[in-house]
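What follows draws every value from the coordinates through simple rules; no lab data is involved. From a predicted model like this one, the values you see are computed outputs, not experimental measurements. Cβ atoms come from the backbone with ideal geometry, glycine included; neighbour counts cover every protein chain shown.
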Amino acid sequence: MNEHKKTDDIILDDIIETDEEEMDKTHLPVIVIREFMPFPGAMMSFDINRPQSLAALDAALEIGCDVLLVGQRDRDLENPTSADLCHMGVITSILQVLRLPMSGMARVITHGDNRGVVVEYLGEDPYITAHVEGLYDAEPDTYTKDAKALMRLAFDNFTQCMEMQGKNAPESITRISEEMPGRLADIIASNIRMKPEQAQELLEELDVMERLRKVVGILTYELELLKIQRGLFDKVRANVDKNQRDYILREQLKAIHTELGDADNVDDDVQSYRKKLEELPIPAAVKDKLNQEIKRLKQSGFSAEASVQRDYIERVLALPWGVKSKENTNLIHAEEVLEKDHYGLTKVKERVMEFLAVRQTASDLDAPILCLVGPPGVGKTSVAKSVARALDRKYVRMSLGGVRDEAEIRGHRKTYVGAMPGRIMEAVNQSGTMNPLILLDEIDKMTSDFRGDPGSALLEVLDAEQNSGFRDHYIEIPFNLSDVLFICTANQTDTIPPALRDRLEMIPLNSYSENEKLHIAIEFLIPKQLKKHGLKKSQVKMQPAVIEDIIRLYTREAGVRQLERMMAQIYRKVVKILLTEGCKSITVNKDNLEKFLGKLKFRKDTKDDKPEVGVCRGLAWTSVGGDTLSIEVNTIKGSGKFKLTGNIGKVMEESAHAAMSYIRSRHEQLSIRKGFFKDTDIHIHIPEGATPKDGPSAGITMATAMISALTDIPVSNQVAMTGEITIRGRVLPIGGLKEKILAAKNAGIHKVLLPLENESDLSEINQEIKEGLDFILVKTMDEVLSHALER
Ligand code: ADP
């Protein structure tokens with residue numbers, strides 16, 4: 001039999017009354033079903049085509065009795081015998097039979113009356129008969145609250161389930177929902193999807209509450225599935241709706257644009273792009289690629305991609321293809337420009353001139369990249385600007401400080417939302433020529449992280465062998481950067497990525513002395529600021545001594561940037577006074593300086609009043625120039641602890657330990673008590689704890705201060721020193737000599753102890769700076785002590 005369930009959700013409203021006496025213990029023909037399970041109370045339509053089942057149907061019709069619908073245990077069996085059948089089925093009335101003449105099949109409409117348990121199967125031929133006992137649900141008169149709650153839950157879930165499927169719940173269910181849990185379970189079971197085994201289990205469950213509980217379980221599961229299904233459906237529908245909506249809107253937009261004549265605009269744009277492209281002096285392959293892009297723009301009409309496309313084409317066409325400024329190769333002119341723009345910087349100017357000369361003779365491939373290294377405000381940017389001016393090249397500054405993403409150098413691929421070309425292409429574009437001077441500022445402040453290494457991208461940019469075909473990710477088309485002159489600047493060299501550092505020719509720019517600052521102020525900064533503020537020289541009178549005070553008391557820097565700012569501040573106030581008070585000129589002097597610049601910003605660094613025990617003055621290099629460091633040591637009775645304070649770095653700490661090691665090994669010669677390190681706590685402090693300090697150059701200073709404290713011999717207040725110490729007491733060379741000497745001079749110290757190995761550096765320092773100072777070059781700690789301690 002090949003049943004096919006048609007009206008599995010039809011429930012007979014009025015449950016057909018059965019004659020219990022007549023139905024009990026009756027012999028009934030059996031129709032075996034395979035795919036579904038009928039339940040008492042449900043009306044059903046299905047087809048019968050197995051001969052045995054057709055014979056059973058005929059017999060039932062002839063006798064006028066019901067049939068037992070029963071499931072087969074193994075659904076794959078084609079011709080099951082009574083042994084293969086379940087023992088619980090449904091006693092069913094045949095309501096209607098429709099014969100299908102061609103196939104011999106019968107379509108029946110039945111109504112399930114009640115459960116029937118097979119007492120025994122009686123015969124198989126021509127149809128299966130069974131001795132069947134009818135079973136009725138024992139529905140109690142009253143129910144507990146739990147039972148009622150369960151019934152209500154079943155009812156609610158069922159109606160919700162039907163609603164979600166767009167079906168109507170059978171009306172009878174409302175009536176039976178609170179009084180016949182068994183029937184409620186049967187009706188729900190006949191209306192929801194479940195496996196045949198589950199259905200058979202429900203049929204065999206005679207405890208009505210348990211049956212209902214099981215049904216609720218299946219129902220809840222079904223409901224969950226329906227909800228998920230509904231969610232998926234909604235999502236798919238929303239997608240389809242959106243696509244459809246977009247499509248309609250776009251079509252409407254197209255119609256509107258056509259109506260307004262904008263469609264012609266696209267054509268016009270495409271025309272003008274093509275024309276511009278024709279005129280560009282670029283290789284044919286590049287032209288083809290751009291032509292394709294223009295064609296694509298035409299096709300994409302008014303879509304979102306079209307604006308991206310348009311942006312791209314416009315950016316590429318706007319690049320200065322083939323445009324070059326004529327370079328001025330006259331070296332005398334270059335020298336004049338450099339000289340005219342800057343005071344001092346003799347060595348720097350010399351190196352730059354050499355660089356410019358060699359560029360003219362050597363091939364481009366060998367030319368190094370200049371990197372101007374020095375503290376802020378010493379004129380790095382300004383030298384680069386002068387070089388551009390000297391060569392008549394356009395100048396663009398590109399700050400690399402904080403750049404950590406390769407894409408910032410090379411751009412993002414077009415497919416990114418909001419993609420743009422990288423900074424190199426932007427700079428080229430900004431200059432409007434293919435041979436500008438691009439200043440890569442603060443190359444040492446670039447960092448690399450997971451987003452890629454900007455250093456390696458930059459390396460490619462600077463590499464003469466590769467940069468003739470530089471490919472920006474956004475532009476995609478190779479661009480020739482070989483005519484660009486790159487100059488870099490950095491505050492220090494050790495944070496420049498090593499591979500990049502190798503390509504650079506470093507030109508150091510040092511701090512300025514007070515005198516140099518004074519010259520720069522008088523010859524450059526003041527004229528510049530006067531002009532900027534629309535003032536004449538005669539309107540502001542300022543003596544050099546006042547400028548010196550400004551330098552000393554209002555700035556603390558290696559360069560002259562702060563000084564320039566102070567000058568600007570004075571002139572702003574001067575302009576205001578001239579206009580409001582109607583006077584002809586103003587004199588800025590020591591007495592009224594505070595009126596212009598406010599309270600003094602810095603105290604003057606001075607030497608100590610008298611020699612002291614455990615205090616020694618060192619010299620330090622900082623990013624804003626040089627400074628003196630007064631190192632203090634206390635010795636206290638204790639257990640040999642060694643403590644360092646004052647925000648000092650690891651190298652400085654190690655240097656202190658080296659000094660300690662030296663002192664312990666030489667305690668006898670130094671007249672220090674044996675075993676001092678066991679019962680004496682030593683505390684080294686370097687004041688101005690807010691400023692981090694590091695480096696080995698305070699080694700001899702710390703050692704001197706400690707020895708002084710341990711021997712009770714004062715250190716001369718006329719001495720300042722710098723030098724690295726080894727554990728055997730040798731003095732090693734240090735860096736930043738010029739800044740350190742300037743710091744000593746500013747503090748009014750005349751005797752400076754320096755490592756002997758720095759002798760050649762010392763000879764390079766301007767005589768003007770060295771004037772009035774007594775330099776003592778030392779090789780060992782013994783020499784240091786002989787000059788520093790006041791025995
Ligand atoms: P950096 O790039 O080293 O930080 P800048 O080049 O911006 O410093 O210099 C700051 C200001 O000081 C600029 O106005 C510059 O012209 C001026 N300046 C620096 N050094 C000199 C100098 N030797 N001669 C004339 N002006 C200078």
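The length gained by stretching the chain between LYS537 and TYR247 to full extension, at 0.36 nm per residue less their Cα-Cα distance, is 97.3 nm. The modelled label-to-label distance between VAL236 and GLU139, using points 7 Å beyond Cα along the C-beta direction, is 4.0 nm. Taking a straight Cα-Cα cut-off under 17 Å and skipping sequence neighbours fewer than 8 places away in the same chain, the lysines within cross-link reach of LYS537 are LYS528, LYS573, LYS576, LYS584.
Summary value for region 414-478: 38 percent relative contact order, contacts being C-alpha pairs under 8 angstrom separated by 6+ residues.
For region 453-504, the dipole from Cβ point charges (+1 on Lys and Arg, -1 on Asp and Glu) about the Cα centre works out to 120 debye, to the nearest 20.
Annotation for SER468 and GLU224: the two label points, set 7 Å from Cα along the Cα-Cβ direction, are 7.0 nm apart. Show log10 I(q)/I(0) for the chain at q = 0.07, 0.11 Å⁻¹, two decimals, from a solvent-free Debye sum over equal Cα scatterers. For the requested q values the scattering log ratios are -0.74, -1.21.
Each Lys and Arg Cβ is given +1 and each Asp and Glu Cβ -1; about its Cα centre, region 58-150 then shows a dipole of about 420 debye. For the pair region 734-748 / region 610-678, the C-alpha centres are spaced 21 Å from each other.
In percent, how large is the relative contact order of the chain, given Cα pairs closer than 8 Å and 6 or more residues apart? Present the calculation step by step, with values, prior to reporting the outcome.
Values: 1417 pairs, mean separation 56.1, N = 791.
Computed over the chain, the figure is 7 percent.
Here is the list for region 283-360: trypsin sites (Lys or Arg not before Pro) lying in DSSP coil, each with at most 16 other C-beta atoms within 10 angstrom of its C-beta, are LYS324, LYS326. Remark on GLU327: its backbone amide H falls under 5 Å from none of the residues 5 or more positions apart or on other chains, H modelled at 1.01 Å from N.
Can you give the charge dipole size of the chain about its Cα centre, rounded to the nearest 20 debye, using +1 on the beta carbon of Lys and Arg and -1 on the beta carbon of Asp and Glu?
On the way: 105 positive and 124 negative charges, 1544 e Å.
Here the size comes out at about 7420 debye.
Can you tell which of MET446, LEU28, TYR143 lies farthest toward the positive end of the dipole of the chain, using +1 and -1 charges on the Cβ of basic and acidic side chains (Lys, Arg; Asp, Glu)? It is MET446, whose Cα lies furthest towards the positive end. If a paramagnetic tag sat 7 Å from the Cα of LYS254 along the Cα-Cβ line, which residues of region 284-299 would have the backbone N under 15 Å from that point? Counting backbone N atoms under 15 Å from the label point, the list is 297-299. In straight-distance terms, cross-link reach from LYS674 covers every one of the lysines whose alpha-carbon lies under 24 Å from its own, apart from those fewer than eight places away in the same chain; here that gives LYS637, LYS641, LYS643. Among the trypsin sites (Lys or Arg not before Pro) within region 482-580, those in coil by DSSP and having at most 11 neighbouring Cβ atoms inside 10 Å are LYS536.
Straight-distance candidates among the lysines for linking to LYS610, with alpha-carbon spacing under 21 Å and chain neighbours fewer than 8 residues away dropped: LYS745, LYS751. How many angstrom lie between the Cα centre of region 460-477 and the Cα centre of region 27-42? Here the answer is 81 Å between Cα centres.
Which whole-number percent is the relative contact order of region 88-199 (Cα, under 8 Å, 6+ apart)? Don't jump to the answer; show the numbers that get you there.
Details: 115 pairs, mean separation 18.1, N = 112.
Relative CO of region 88-199 lands at 16 percent.
Dipole orientation for the chain: of the candidates VAL403, MET180, ILE507, ILE507 has the Cα lying most toward the positive pole (charges on Cβ; Lys, Arg +1; Asp, Glu -1). Protection proxy ranking for 89-101, 274-286, using the average of other Cβ atoms within 10 Å per residue and placing the highest first: 89-101, 274-286. For the pair ILE765 and LEU206 in one chain, pulling the backbone fully straight at 0.36 nm per residue adds 190.2 nm over the alpha carbon distance.
For region 414-486, would you read off the P(r) tail past 15 Å as a percentage of all alpha carbon pairs? That fraction is 58 percent.
Under conditions of 20 °C and 1.002 mPa s, region 530-688 yields 107 µm² s⁻¹ as its translational diffusion coefficient, taking Rh as the Kirkwood radius over Cα pairs in the Stokes-Einstein equation. In this structure, ASP267 and ALA318 have a Cβ-Cβ separation that, at R0 = 30 Å, corresponds to a calculated FRET efficiency of about 0.90. Measuring between their Cα centroids, region 546-606 and region 276-292 lie 58 Å from each other. At full extension, ARG664 and LYS287 could sit 127.9 nm farther apart than now, given 0.36 nm per residue minus the alpha carbon distance. Under a 5 Å amide H cut-off, with hydrogens placed 1.01 Å from N, PHE642 pairs with ILE682 among residues at least 5 apart or on other chains.
Farthest towards the positive end of the charge dipole of region 20-122, among the residues PRO38, MET102, LEU54, is the Cα of MET102, using unit charges on the Cβ of Lys, Arg, Asp and Glu.
Count Lys and Arg as plus one, Asp and Glu as minus one, and take only other residues whose Cβ is under 13 Å from that of ALA55; the net charge is then -3.
Pairs of Lys residues in region 290-404 are counted when their Cα atoms are under 29 angstrom apart and they lie 8 or more places apart or on different chains; the count is 23. Each residue of region 97-109 was assigned a 3J(HN,Hα) from its phi angle through the Karplus expression (A = 6.51, B = -1.76, C = 1.60, θ = phi - 60°), giving 10, 10, 8, 9, x, 5, 8, x, 7, 10, 9, 10, 10 Hz with x at Gly and Pro. Amide H contacts under 5 Å for PHE479: PHE470, ARG471, ASP472, restricted to partners 5 or more places along the chain or on a different chain, H placed in the peptide plane at 1.01 Å from N.
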